[in-house]
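Trainee: Quick one: this structure, given as structure tokens, is what I'll be asking you about.
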Amino acid sequence: MLRKSLSFLLSHRIRILPSQSHAGASFSFSSSNTLNPCTSLEDQANENNQDSRPTETISIDRSGLYNPQDHFHKLSADSKLVKHLKSIIKFRGGPISIAEYMGEVLTNPNCGFYINRDVFGACGDFVTSPEVSQMFGEMVGVWTMCLWEQLGRPAKVNLVEFGPGRGTLMADLLRGSSKFVDFSKSLDIHLVECSPTLQKLQYDTLKCIDEAISEDNTATRTTTTLNGASVLWHADPEEVPSGLPTIIIAHEFYDALPIHQFQKTFRGWSEKMIDVSEDSSFRFVLSPQPTPASLLYLRKRCEWADKEEIAKIEQIEVCPRAVELTHQIAKRISIDGGGALIIDYGKNEIISDSLQAIRKHKFVHILDDPGSADLSAYVDFAAIQHSAEEASENISVYGPITQSQLLGSLGINFRVEALLKNCTEEQAESLRTGYWRLVGDGESPFWDGTEEQRPIGMGNRYLAMAIVNKNQGIPIPFE
Ligand code: SAH
């Protein structure tokens, strides 16, 4: 029974498929090669048939692109987001970057993937570590308390989580640490969340209440009844107030930040962009000349890499938002003290081609019904390290280490043993499965469901990196 109920906790976001051959989909290109910003795409297509002379408008060269099989979309009414994306492309007069597409698809304030619904768990689209087991949030809590000790047990500290999802990690962290009264009392919690729906869910998960702090009841303060700490929400990391030592947790946040993709062509690097074809479907195209992103972000990323590393790859992904966010984190930590723990799937090197879309636990094509599937990309931990180190000399970067090393060193083995001593047989099975998924590697050996649904261990594919103020010494378990 429990196995059955666990069987839906299967897919999480890093199941790897062959490069860009996502299920049932392929790229679609048209043969027109210029876009005039002043005319509609249809007019433009007609013009191109009559006159193929180069113009000063954005021209699109498809020569370096992978030539796929035809991809047929069932014609259906465009969603609000699809209409919005098409209108951007139309009024811009040319294709948009993958980063812009990804930003709109995930966080468009009206119809982005994250904005209006709960996308996690069995009935959602994917499952994350905090949803797999309470032990994940508890272990992150151990890390947080240790850093607080290293900070000298400050009376007040900002505990910040970027992208808290359902709020499960924070709830488990607060419950697990609630016996440590001085620590609990020190916390001002700041949740950085762009989705109003998820903010509401986080409010409920943290069992929040609003207390009047003025006599006329107009001013209120939100606290969590899990440990009495105050809780504030922010749509943007920059809104988190400064002035207190700060501990930041970012679990599966970086992978949702928009990436640019570049492809090696005979002319050098071209940016992969998204355009609308004559049949009104989205398609990938390549920029024929350098784009602002290639001049700024790609150049910067290549400066951080070895020439040999660049020579080996045909594609590069660059995430400027991750670089900028890390810069802000490092600056903040260097001034206010504290540290950040970043856990995500990724690599400690340039990422080549990792963007993926997941809907209802299955891979789908990146351009298929945008807004109805999660988009995510591997995190480039090497770029994070470079960005943090460039931002300040007062911080140190540690890791990445694997999730399995992180949780193992923080004591997950002891925790699972302790929990197993006091639970039902059903709970024991759930604990063991959860434990294995968090620290295990490869396909689960303990599985009696279908092969397709066999869980994949997160232990080695998720990595953890810490950025701390040098005054705090080395954070556990990065010694
Ligand atoms: N950390 C959670 C959820 C990960 S999903 C977990 O592990 O379960 C990514 C989370 O980041 C979601 O809560 C999403 O709404 C939020 N998010 C994504 N992009 C964001 C952005 N640009 N600004 C603020 N929040 C964002």
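The values are calculated or read from the model by the stated rules, or taken from the named source; none is laboratory data. Everything numeric here is computed off the predicted structure, so don't read it as measured data. Using ideal geometry, Cβ is built from the backbone for each residue, glycine included, and neighbour counts are taken over all protein chains shown. What goes into the accessible areas is simple: the full protein's heavy atoms, side chains included, and nothing from ligands, DNA or RNA. Shrake-Rupley method; radii C 1.70, N 1.55, O 1.52, S 1.80 Å.
Trainee: Here is a list: ILE209, ILE274. Which entry is open to solvent by 60 Å² or more (accessible area, probe 1.4 Å), away from the ligand (no atom under 16 Å from the Cβ) and of a type in the set (A, V, I, L, M)?
Mentor: On the way: ILE274 fails: open to solvent by 60 Å² or more (accessible area, probe 1.4 Å).
Exactly one residue qualifies, and that residue is ILE209.
Trainee: Would you mention how many residues in region 234-257 are more than 12 Å from the ligand (Cβ to nearest atom) and in a loop (DSSP other than H, G, I, E, B)? Walk me through it before giving the result.
Mentor: Just the residues of region 234-257 that are more than 12 Å from the ligand (Cβ to nearest atom), to begin with: 241-248.
Imposing the further condition that a residue be in a loop (DSSP other than H, G, I, E, B) reduces the set to 241-245.
Of the residues in that region, 5 qualify.
Trainee: Within region 305-351, count every residue that is charged (D, E, K, R), part of a strand (DSSP E or B) and within 16 Å of the ligand (Cβ to nearest atom).
Mentor: The number of residues fulfilling the criteria is 1.
Trainee: Determine if region 228-236 includes at least one residue that is touching a helix residue (DSSP H, G or I) at 6+ places or on another chain (Cβ under 6 Å), at pLDDT 95 or above and of a type in the set (Gly, Ala, Ser). Break it down stepwise before answering.
Mentor: Taking region 228-236 first, the residues touching a helix residue (DSSP H, G or I) at 6+ places or on another chain (Cβ under 6 Å) are 233.
Retained after the next criterion (residues that are at pLDDT 95 or above): 233.
Applying the additional criterion that residues be of a type in the set (Gly, Ala, Ser) yields none.
No, that holds for no residue.
Trainee: Could you please tell me which pairs satisfy a Cβ distance under 9 Å, a separation of 6+ or placement on different chains, a first residue in region 264-283 that is under 26 Å from ASP369 (Cα atoms) and assigned to a loop (DSSP other than H, G, I, E, B), and a second residue that is open to solvent by 20 Å² or more (accessible area, probe 1.4 Å) and of a type in the set (Asp, Glu)?
Mentor: Pairs found: GLU278/GLU42; SER280/ASP78.
Trainee: Could you tell me whether PRO130 is more than 22 Å from ARG321 (Cβ to Cβ), near the ligand (Cβ under 10 Å from one of its atoms) and buried (at least 22 other Cβ atoms within 10 Å of the Cβ)?
Mentor: Numbers: more than 22 Å from ARG321 (Cβ to Cβ): yes; near the ligand (Cβ under 10 Å from one of its atoms): yes; buried (at least 22 other Cβ atoms within 10 Å of the Cβ): yes.
Taking the combined requirement at face value, the residue satisfies it.
Trainee: Right, next: Can you tell me which residues in region 160-175 are surrounded by 22 or more Cβ atoms within 10 Å (Cβ to Cβ) and away from the ligand (no atom under 14 Å from the Cβ)?
Mentor: LEU174
Trainee: Just need a number here: residues in region 110-169 that are among the acidic types (Asp, Glu), out of contact with any strand residue (DSSP E or B) (no Cβ under 9 Å at 6 or more places or on another chain) and not in a loop (DSSP other than H, G, I, E, B).
Mentor: As a first pass, look at region 110-169 and keep what is among the acidic types (Asp, Glu): 118, 125, 131, 138, 149, 161.
Next, only the ones that are out of contact with any strand residue (DSSP E or B) (no Cβ under 9 Å at 6 or more places or on another chain) stay: 118, 138, 149.
Restricting the remaining residues to those that are not in a loop (DSSP other than H, G, I, E, B) gives 138, 149.
Of the residues in region 110-169, 2 are among the acidic types (Asp, Glu), out of contact with any strand residue (DSSP E or B) (no Cβ under 9 Å at 6 or more places or on another chain) and not in a loop (DSSP other than H, G, I, E, B).
Trainee: For region 177-200, give me the residue count where each residue is farther than 15 Å from GLU239 by Cα, within 16 Å of the ligand (Cβ to nearest atom) and open to solvent by 20 Å² or more (accessible area, probe 1.4 Å).
Mentor: Residues in region 177-200 being farther than 15 Å from GLU239 by Cα, within 16 Å of the ligand (Cβ to nearest atom) and open to solvent by 20 Å² or more (accessible area, probe 1.4 Å): 4 in total.
Trainee: Right, next: Sort out for me the helices (runs of 4 or more DSSP H) sitting completely within region 401-479 that have 1 or more residues that are free of Cβ contacts under 8 Å to residues at least 12 places away in the same chain.
Mentor: Numbers: elements: 403-410, 412-420, 425-439.
Counting at least 1 such residues, we get 412-420, 425-439.
Trainee: Which residues, taken from region 191-213, are part of a strand (DSSP E or B), touching a Pro at 6+ places or on another chain (Cβ under 8 Å) and closer than 15 Å to SER230 by Cβ? Step through it out loud before you land on a result.
Mentor: So the first thing to find is which residues in region 191-213 are part of a strand (DSSP E or B), and the list is 191-192, 208-212.
Okay, now just the ones that are also touching a Pro at 6+ places or on another chain (Cβ under 8 Å), so 191-192.
Within region 191-213, just LEU191 meets the criteria.
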